[in-house]
Amino acid sequence: MVQYDWKETARYLARQLGGPFLSGRGVVQLRLIDDSTHPPRALEDGPLVVAVFGNEGYHADPRAREMVERVRQSLSESLAVELGFAVSDSGANWVLLVGADGDRYQTAAGKTLQKLLLEGFLEDCVWAAWRAAYGFLPENAYAMDRSGQPSGLAVG
């Protein structure tokens, strides 16, 4: 069985943020590799791990810390757990690794569905947390005109 150092994995990803791979904020599923074999192989039966990330200046901006806390608080709604967290050396980037029981579903279709649902849930969480921490209105607070474009605040 492969052992994982989730804090080190989070540190590595935090160092990569802002470069050519990840920028902004969002969610990305991790594909785990067993590098103890030659050639290294992807672990299809490994744990379900998703990285939630942001470039908000974690140490310098209290709103970035609030955003991360909001995401953490929402994890219980999806039966997910925090596996690791790290901030880049510069303090500009952060990564929160989230895991779920990958054996919850037995079929390939069920496992794929679980991955997609967790990613979608966390994507919604990170953007809701960003809007709340930075003072933006929720997406549904805007009224739409007939063409589907935002036209002002919804009065309800």
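Amide H neighbours of His59 under 5 Å, at least 5 residues apart or on other chains, H built in the peptide plane: list them.
none
Quick check on the exposure proxy: order Leu43, Leu32 from fewest to most C-beta atoms within 10 angstrom.
So the residues, fewest neighbours to most, are Leu43, Leu32.
Of all chymotrypsin sites (Phe, Trp or Tyr not before Pro) in the stretch 107-139, which ones are in loop regions per DSSP and have a Cβ with at most 16 other Cβ atoms within 10 Å?
Phe136
Under a crude label model (7 Å from the Cα following the beta-carbon direction), how far is Asp103 from His38 in nanometres?
A separation of 3.2 nm, rounded to one decimal place.
Since every read-out is calculated from the coordinates, none of them should be taken as a lab result. Given the structure is predicted, the values throughout are model-derived calculations rather than measurements. We place every Cβ from the backbone using ideal geometry, glycine too, and count neighbours over all the protein chains shown.
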